[in-house]
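Okay, structure first, notes after.
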Amino acid sequence: MKEEHKTYTLVGPDRKPYKSSTPGTFGGYRKNKIYGRMDCRAALRAIEKGGYINERVFFADEQTAIAAGYRPCGVCLREKYVIWKENRNSNEEGI
């Protein structure tokens, strides 16, 4: 009997999907380009209410999510979100 291997669809730094034999460690919301932990209470609540349909993406790691242009979640990655927002605001002021 042939053993089937589960594959997962992840998003790479080029924002293109690819197949992986290991699941992603971070999830994201394509529409708003937000990434966060898989146990994020805000994401789980949105999914429970029927949100994220066809907009949920997964990343192998946090560096890949950042390289793909996603920002940290303000709920589950609060400290990283605050730093991201401060950097974004300071970059806008320097324009």
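In the range 13-31, the residues that are among the acidic types (Asp, Glu) form Cβ pairs under 9 Å with partners that are surrounded by 13 or more Cβ atoms within 10 Å (Cβ to Cβ), at six or more places apart or across chains, as follows: 14/67; 14/68.
Taking the criterion of being surrounded by fewer than 17 Cβ atoms within 10 Å (Cβ to Cβ) and under 15 Å from residue 12 (Cα atoms), the residues of the range 52-75 that qualify are 56, 61, 63, 67, 69.
Criterion applied to 81, 18, 35 was being surrounded by fewer than 19 Cβ atoms within 10 Å (Cβ to Cβ), in a strand (DSSP E or B) and modelled with pLDDT of 95 or more, and the one residue passing it is 18. Among the residues of the range 1-35, the ones that are over 11 Å from the mean Cα position of the chain (by Cα), among the aliphatic types (A, V, I, L, M) and under 11 Å from residue 58 (Cα atoms) come to 0 in all.
Conditions tested, residue by residue: (1) in a loop (DSSP other than H, G, I, E, B); (2) loosely packed, with under 12 Cβ neighbours inside 10 Å.
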{"site": "10", "(1), (2)": "no, no"}
{"site": "13", "(1), (2)": "yes, no"}
{"site": "23", "(1), (2)": "yes, no"}
{"site": "50", "(1), (2)": "yes, yes"}
{"site": "86", "(1), (2)": "no, yes"}
{"site": "91", "(1), (2)": "no, yes"}
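For the range 52-78, a residue qualifies if it is assigned to a loop (DSSP other than H, G, I, E, B) and hydroxyl-bearing (Ser, Thr, Tyr), and the qualifying residues are 52, 70. Of the set (1) in contact with a Phe, Trp or Tyr (Cβ under 8 Å, 6 or more places away or on another chain); (2) closer than 21 Å to residue 6 by Cβ; (3) in contact (Cβ under 8 Å) with a residue 24 or more places away in the chain, all apply to residue 55 but (2). The set of residues in the range 50-67 being over 12 Å from the mean Cα position of the chain (by Cα), on the phi < 0 side of the Ramachandran plot and of a type outside the set (A, V, I, L, M, F, W, C) consists of 51 alone. Of the listed requirements (1) free of Cβ contacts under 8 Å to residues at least 12 places away in the same chain; (2) of a type in the set (D, E, K, R); (3) in contact with a Ser or Thr (Cβ under 7 Å, 6 or more places away or on another chain), residue 45 misses just one: (3).
The values are calculated or read from the model by the stated rules, or taken from the named source; none is laboratory data. Since the model is a prediction, treat every value here as computed from it, not as a measurement. Reconstructed Cβ throughout: ideal geometry from the backbone, glycine too, with neighbour counts over all protein chains shown.
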